[in-house]
Every structure is written in structure tokens, then in C-alpha cells.
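Read through the structure below, which is laid out as C-alpha cells, and then see the notes.
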Amino acid sequence: MSSQTQYAFHLTEDAKARRNRGIGLCLLAMAVFASQDGITKFLVKDFTIAQLLMVRYWVFAAVAVVFLAARGGIGAAARSTTPWLQVIRSLLAIAEAALFGWGLKYLGLAESHALFAVFPLLTLALAGLLLGEFISLRHWIAAIVGFAGTLVILRPGVGIFDPAALIPLLAALTFAAYNLLSRRISQTDSFGTNVFYMAVVGIVASTCFGLPEWVSPTPMEWGLLGAYSLAGVLGHLLLIKALEYAPATVLQPFNYTLLVFATLVGFIVFDEVPDNWTMAGATLVLAGGLYAVRVR
């Protein structure tokens, strides 16, 4: 019997209610993230990615100050056993956001998320290759299925291949590296320390690149920038809260609904209809990811 099956079997009524609440919060977080990406697609037409990230990280830093002040103070959070790894991890997070936002200038929401959805399988493969973690044959099969799905979406070797489709794949690879480093750092540093470094490194890096690219927004654009920044903070807070009610193994499959929500936003707001190849490839990517979760 799998760990998830045992978990479900032993649930009390109260535990079931908590699990369902966690799943609901996770689904809400995915909807918020999809909406944020929809706003990003609007904003990248008139603003550089650097400016968007600068506004986003200043808002994040403001929330982080309040959060850390309530959790023992900023001084305590600043103490890390691996400060340079924290810096590298934070830079990877910035790079992933920049790459994905850049990709949205050229690709639809559904296609971008279908390619980005391969990141859990990339994390799995990198954990085996770089960290020496044991990866079972079933997990490798899941990774191969997911990779096949990306090839179906990309269709290399045919005339309709769009090189811009490689951008969300690079973002997925960057996010996989970020996840591996997060796993390593979380063994020694607290969540508050992770937040502190993400805020400080994010402000410094994004401001260095964003300030020279600054374009004054209109009142309406300020509203979109605010919604874009707050959506990122709200989405992460919802995920953190969801993990208080349900284990990560239970919530992981529901993270893939981000692709569904992104497809809906793309269709409703941008009149984007993914073609059959994208849908078939996305199905393979999701199948590989869900199978990897099932055999974990």
C-alpha cells in the first residue's frame, strides 16, 4: 500500500476536512498564479522584465519585513549557515521569473505552462545525476514520458518549430536547479532566513537591472503592476497555508492544475486556443509528472 493510500485510509473526519481545505487553498493558489501570468503577458508589451521584477521584489520585501518582524526579527533571519548558497538560490529564482516572463512575450499561456510543467521531472533527473540520489526505474520512465511530451510540443525538425519555445524550457531547468538548492539549504536554514535572502538579493539584483530601464506607468498600469506584484505574494502565502492543512505529497498533483487555469486565462482573455500537438504534449508531460508522484 502506498504512503498516500495509507494516509487517506487513516484520515479522521477532521483530518479529511483539513486535507480538503488544503487542496482548496492549493487550487486557489494555482488560479492566482495563472492570473498573475496573464497580467504579465499584458505588461511585457510596454515594460521590460527587469522593471516588472523590480516592482515585484520591492512589494515582496515590504511583506517580508512585516513577516520577519513577527517571527523573531530580521537580525535572526539574516543568520545563515550557507550564505553564498542562499545568494545563488535567490538569483536562480530571479532568473526563472525573468525567463518565464520573457517567454510570454512570444508564446501563449497554455504553451508556456505546458513546457514549464516538465520542471518536476527535470528536478528528479538532476537529483539523480548531480546529488547522487537513488532514482528508480519507474521514475526514469516518468521522466522519459514527460520529455517525450516536450518534444511533441516543440516538434523539432519541422518547419513550425519556434525557437522561443526553448525559453520556458530554460526557465523550467532553472527552477529545477532552484528546487534542488532549496532542498539542500532547508536542511540547515529556517524558512525566515530563506525569505530574508530572497528579499534582499531580489531587491539588489532587480533594482540594478530595473532602474535603468524604468518607464513611468500610467495610473492603469500602476494598478496592473500592483495586482501583478500582490498576486505573486498572495499565491505563495496560499501555498504555505495549504501545506499547513495537507502534506506536500497530497498537494503535488494539484499543482498541475496551473496548466488548466493558464489555458483558461489564455482562452478567455487573449483568445488563445492551443493546437492539438500542444494538448497532446501537455497530456504526456502531466502523465509523467503524476506517475512520478504516484510511485514516489
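Each value in this text was obtained by applying a stated rule to the coordinates, not by laboratory testing. Nothing here was measured: the structure is a model prediction, and the numbers come from that model. Every residue, glycine as well, gets a Cβ built from its backbone with ideal geometry; the counts of neighbours run over all protein chains shown.
Among residues other than residue 13 with Cβ under 15 Å from its Cβ, the summed charge is +3 (Lys and Arg +1, Asp and Glu -1). Bridgeable aspartates and glutamates around residue 45 (alpha carbons under 12 Å apart, same-chain partners fewer than 8 residues away excluded): 221. Scanning the chain for DSSP H helices at least 20 Å long along the axis (C-alpha atoms) with a Kyte-Doolittle mean no lower than 1.6 picks out 49-69, 137-154. Let me know the shape class of the stretch 223-296, please: from the alpha-carbon gyration tensor, a ≥ b ≥ c as square roots of the eigenvalues, rounded when a/c is under 1.5, otherwise prolate if a/b is greater than b/c, or oblate. Verdict is oblate for the stretch 223-296. Note: relative contact order over the stretch 3-294, using C-alpha pairs below 8 Å and six or more positions apart, is 43 percent. Under 24 Å of direct C-alpha separation, and excluding same-chain neighbours fewer than eight residues apart, residue 16 reaches these lysines: 241.
Counting only Cβ charges, +1 for Lys and Arg and -1 for Asp and Glu, the dipole size of the chain around its Cα centre is about 800 debye. Multiplying the residue separation of residue 87 and residue 187 by 0.36 nm and subtracting their alpha-carbon distance yields 34.4 nm. Note on the chain: dipole from Cβ charges, positive end direction compared against 185, 52, 33; the farthest Cα belongs to 185.
Enter the Cα centre distance for the pair the stretch 161-217 and the stretch 243-294, rounded to the nearest angstrom. Cα centroid to Cα centroid, the span is 22 Å.
Calculate the translational D of the stretch 44-173 in whole µm² s⁻¹ from Stokes-Einstein, where the hydrodynamic radius comes from the Kirkwood formula applied to all Cα pairs, the temperature is 37 °C and the viscosity 0.692 mPa s. Diffusion coefficient, whole number: 189 µm²/s.
Average 1/r across all pairs of distinct alpha carbons in the stretch 56-100, invert it, and you get the Kirkwood radius: 11.9 Å.
Rounded to the nearest 20 debye, the dipole size of the stretch 44-151 about its Cα centre is 240 debye, using +1 on the Cβ of Lys and Arg and -1 on the Cβ of Asp and Glu. Here residue 41 is the anchor, and the lysines within straight C-alpha reach of less than 17 Å, apart from those fewer than 8 places off in the same chain, are 105. Both radii come from the Cα set of the chain: Rg as radius of gyration, Rh as Kirkwood radius; their ratio Rg/Rh reads 0.96.
Oblate is the label for the stretch 173-296, because the ratio a/c of its alpha-carbon gyration tensor axes (a ≥ b ≥ c) is 1.5 or higher and a/b is not greater than b/c.
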